[in-house]
Structures are given as structure tokens and as C-alpha cells.
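Here's the structure, in C-alpha cells; my notes come after.
The values are calculated or read from the model by the stated rules, or taken from the named source; none is laboratory data. All values derive from a computational prediction rather than experimental measurement. We place every Cβ from the backbone using ideal geometry, glycine too, and count neighbours over all the protein chains shown. Side chains included, ligands, DNA and RNA excluded: accessible areas come from the protein's heavy atoms. Shrake-Rupley method; radii C 1.70, N 1.55, O 1.52, S 1.80 Å.
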Amino acid sequence: MPCCRVCQHATELLLDFGPQPLCNRFVREAAAAEARHPLRLDQCPACGLLQLAEPVPAEVLKPPQPMLYNEPEWHLGQLVDRIAALPGVGPDANICGLTYKEASTIARLRQRGFQNAICLDVRRDLGIQDPAAGVETVQQQISSGVLSGQAARRGRYHVVIARHILEHAHDLQRFVGGLRGLLARGGYLIFEIPDFTASLLGGNYSTIWEEHVVYFTKATFPAVLQQLGLAVRELFTYPSALEDLLVGVTQVADQGHDSAAQDAGTSTELIQGRRYAAMLPAVRDAWRQALAGERAAGRQVALLGAGHLAIMFLNLLELRDAVDFVVDDDPAKSNGSLPGSRLPVYPSDALYERPVRICLMSVAPESESKVQARHRRFLALGGRLVSIFPGSERAL
């Protein structure tokens, strides 16, 4: 029986999607077989944490070629202001970012005069030689203790920044333990994670992804940090239409710190989790009904964007027969097929070459206006660009 990745209590099944393909395995040949892995979302009845029951092993999840994921950066100026204002963090502070996701933050800090701000080197510091290895391998290496000798080589850090990686960690205790070894006495460990609350309340299933092992909300995020032996000094939110960004500024807790699960609000989390699971059939039916009229009128339905949000939207809502094709101008994706649905991916010119009136957008809501500006001609011809995300102003 699966156990919670934080409190070790037996977890309960919310949603079992069965074997699913990996989002980083685009199909290039029609007859090619697809490797699949069970995708099951559980919830811990003791602490309320949502989590995958059986994560894909890191060595299996590693993409066949290098893939970089773009994380939101519109708020980084504000984040750097907060880091610069932390007690005890002066211009000479040693500051460390874990991965390429911190590169922009580190650059901003250096512009602010923090010349000892650096990003870890994946080869030298993490021992990762494969250029295709990504966050799945980084979390595995950190959890294995690869950073244990880092302090002796480079010294300890007053601030360690970990953006959009905690949700990828298979073993939260070992992962955070590996990071704690980097900190100087009184140092800060700063996490940024996506907030699953909007998906949970709005019935958005596209944000479930095999690479995200845990799904934090505003309630479970600080409670988990406490259970991991950290004292939360600041917790703040950067609102977004798809997923809010949650940032926790922590320090290693003093001895005697109470790391017991915080049960305040857990019952609400459990109610929301069960409601989310119960909503799935109705959401599937609503999407099928919304798109059925296009087929009946002899028109096709397109989906713009071939990232993991689009893939999970199609596969988990079982919409392969409701959408005709996908458009994406990334050469690495176009002229292939999406994992699972096997829908063909074409350059965006296909919007003008086929009888399409509705094109679904899987881009972040903050980028939707740019997509509409780029496809003004499609709109002028009577087409509609509508979002797949419930929180978007352009949601269908």
C-alpha cells in the first residue's frame, strides 16, 4: 500500500488514470510502440498532501534529448527584493541556485551587487554527465547525497534557492536533507512551487503530470515544510490565472521543533480532493459536448501548443476523438504526433489550411494575448482562440 512521502501514513486513491505515456516521448513513426507507466493520484488522509502513488523512476523519465522547461519569471524582480531584504543577508553573502531555473534569479542578484551568487554546475557539483538529464535526475542526485562534500569544496551558503523542483522530488526527506547540508548556520532555504489549489477547485486535470510527484496547496505547503524540519519564516503568493506561485522562505528548525503534521485545515483538503475526483466524469462530458457541434458542422478542432499541459488535457480527459490536430511551431515537435492521443502536430499554418473555427489554447493565460495578436488573421476570418484552463478570461 502506498505511503505518504512526508508523514508515512497510508495514502488513499483519488484518481486512477491507468497506464499513461510519458509526455517527453513524441511519436515519430505511426507504428512505434509507446512505453506507459501507471498514473494514480492519491491523497494522504493524515496530512492532506496530494501525491502520485507510483512515480516514474528518474532513469526512465529522463528525456531522450535535452529539454528545458520555461518557468514564470515576471515576479523575479519582487523575489530578489525579498531576498536582498532578508536579515543577515548582505552584499558578501554566498548565494546558490540549484539549476538552470535559477539562472535568471542569480543574474538579477549579481546585478544588485551580490557577486557571490552562483548556480551549481550540473557536471562538477551534481555529477551529471548526460546532457539530456533534467530535473528528474537533479532531484535524484541531491537525494542520494551527492552534495555532501560540497561545503568542504566551496564553503556553505547563506541562501539556497530551489525554484520548481521540490514538486519533482521522489523522496522529500532525503532531498531537503541534501539541501540542508549546503546551508551556513542561520542560512535560508527558499522554495518556489506551483499551487495546485486552482486546479483542485476548478476541475483542471491538465496540471497533473508524471514529472510532478507532489501537488501542494496553500495549506499543505507550509505544513510539509514544517514536517521536513524547516521553520517557515515567510510565505507569500504570486497570483496567476493558471497556478499561483508559492514561495516559502525557511531556515533549519531549532532542536525541539515540533514537526508533527498540522491537522488544521486537513479536513478541508480532504473534502476538496474527493470533490476533485468526483468532478472528472462531468468535466469530460462537458468538453465533449462543447466540441461536438464543430464535428457535426463539418469543421475541425485544433489545439495550439504541444507541451505537457496539452498532452495531459487530451489524455486524461479522453478527448482524442474530439480534437483533430495540434499546432506548434517548435521544430522538435511539429511533424510528429503527441504521446497517447497520437494526434498529429503541424506548424501553425495549418490553422489557415483546414476548416477550423475553434482553436483551443494550452499556453499559459499570461501568453494568450500574444497568441491572439500573432493570429489576428485567424480571428478576422471568424476563428475563435479559447483557453483550456478554467481560470483564464478566455476559457471556453
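Structural remarks
- Where a residue in the range 73-84 is closer than 14 Å to L246 by Cβ and its partner, wherever it lies, is assigned to a helix (DSSP H, G or I), with Cβ under 7 Å and at least six apart: L79/T105
- Flag for Q8 being open to solvent by 40 Å² or more (accessible area, probe 1.4 Å), out of contact with any Asp or Glu (no Cβ under 9 Å at 6 or more places or on another chain), within 24 Å of L172 (Cβ to Cβ) and not hydrophobic (A, V, I, L, M, F, W, C): yes
- Taking the range 185-216 as the range and being open to solvent by 20 Å² or more (accessible area, probe 1.4 Å) and aliphatic (A, V, I, L, M) as the test, the residues that pass are A198, L201.
- Positions within the range 36-67 being under 29 Å from V6 (Cβ atoms) and touching a Pro at 6+ places or on another chain (Cβ under 7 Å), in sequence order: R36, H37, P38, D42, A53, E54
- The range 300-326, subset part of a helix (DSSP H, G or I) and open to solvent by 10 Å² or more (accessible area, probe 1.4 Å), residue nearest to A364 (Cα to Cα): L309
- Selection of the range 41-63 for residues being out of contact with any Gly (no Cβ under 9 Å at 6 or more places or on another chain), open to solvent by less than 10 Å² (accessible area, probe 1.4 Å) and small (G, A, S) yields only A58.
- Check on Q115, out of contact with any Asp or Glu (no Cβ under 9 Å at 6 or more places or on another chain), without any contact (Cβ under 8 Å) to a residue 40 or more places away in the chain, of a type outside the set (D, E, K, R) and more than 25 Å from L309 (Cβ to Cβ): no
- Whenever a residue of the range 27-42 is more than 23 Å from L13 (Cβ to Cβ) and among the basic types (K, R), its partners that are in a loop (DSSP other than H, G, I, E, B) and modelled with pLDDT under 95, lying with C-beta atoms within less than 7 angstrom and at least six residues away or across chains, give the pairs R28/G336.
- Against the numbered list (1) open to solvent by 10 Å² or more (accessible area, probe 1.4 Å); (2) assigned to a loop (DSSP other than H, G, I, E, B); (3) over 22 Å from A290 (Cα atoms), P339 comes up short only at (1).
- From P66, P38, residue being in a strand (DSSP E or B) and surrounded by fewer than 17 Cβ atoms within 10 Å (Cβ to Cβ): P38
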